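The values are calculated or read from the model by the stated rules, or taken from the named source; none is laboratory data. On a predicted model such as this, the values are computed, not experimentally measured, just so you know. With ideal geometry, Cβ positions are generated from the backbone for all residues, glycine too; neighbour counts draw on all protein chains shown.
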Amino acid sequence: MANNNQLKLISIVFSHNGHIPPKYTCEGENINPPLEVENIPDGTKTLALIVEDPDAPRGVFTHWIMWNISPNDAITERSNPGISGTNSFGKTGYGGPCPPSGEHRYFFRVFALDDELDLVAGVTKEELLDALKGHILASAELMGVYQKHKHVVIG
């Protein structure tokens, strides 16, 4: 397989466009899935991660924002290897997929950065995006889908 040297974000539990296992959602343990970042460019000091659902009824819903992640470490299951900001649940850390209806897409985006970010824990996604400006060496995306499995009988 040819190495195209582009930054890659992969998971051993779901493929790009694949189904996110329930374990990593509100219907399971609600823990983060394991993620691996490959082909990290030279000069990368830290990584940042944003996980969001563009299919949410009220607009883009942020599930996880994290920065100052060591580029040498995999993001293991049930971990928080960086500094977390506030997600759309109003909490820091990971909040798993929990779509109110239908199948939603969840975009896991990683950014290779040339510096550490001077942000305090709990900042918003907008504050993180502002801090990323001018520091992104490369980015990659992994998209998984999820639809709730529990059926509610009405009537």
Result of the Cβ filter at 8 Å on segment 10-28, keeping first residues that are on the phi > 0 side of the Ramachandran plot and partners that are crowded, with 16+ Cβ neighbours inside 10 Å, at least 6 apart or interchain, is 17/143; 17/144; 17/145
Per the list (1) at pLDDT below 95; (2) under 15 Å from residue 128 (Cα atoms), residue check on residue 74 breaks on (2)
Kindly check whether there is at least one residue in segment 33-55 that is modelled with pLDDT under 95, under 16 Å from residue 125 (Cβ atoms) and not hydrophobic (A, V, I, L, M, F, W, C).
no
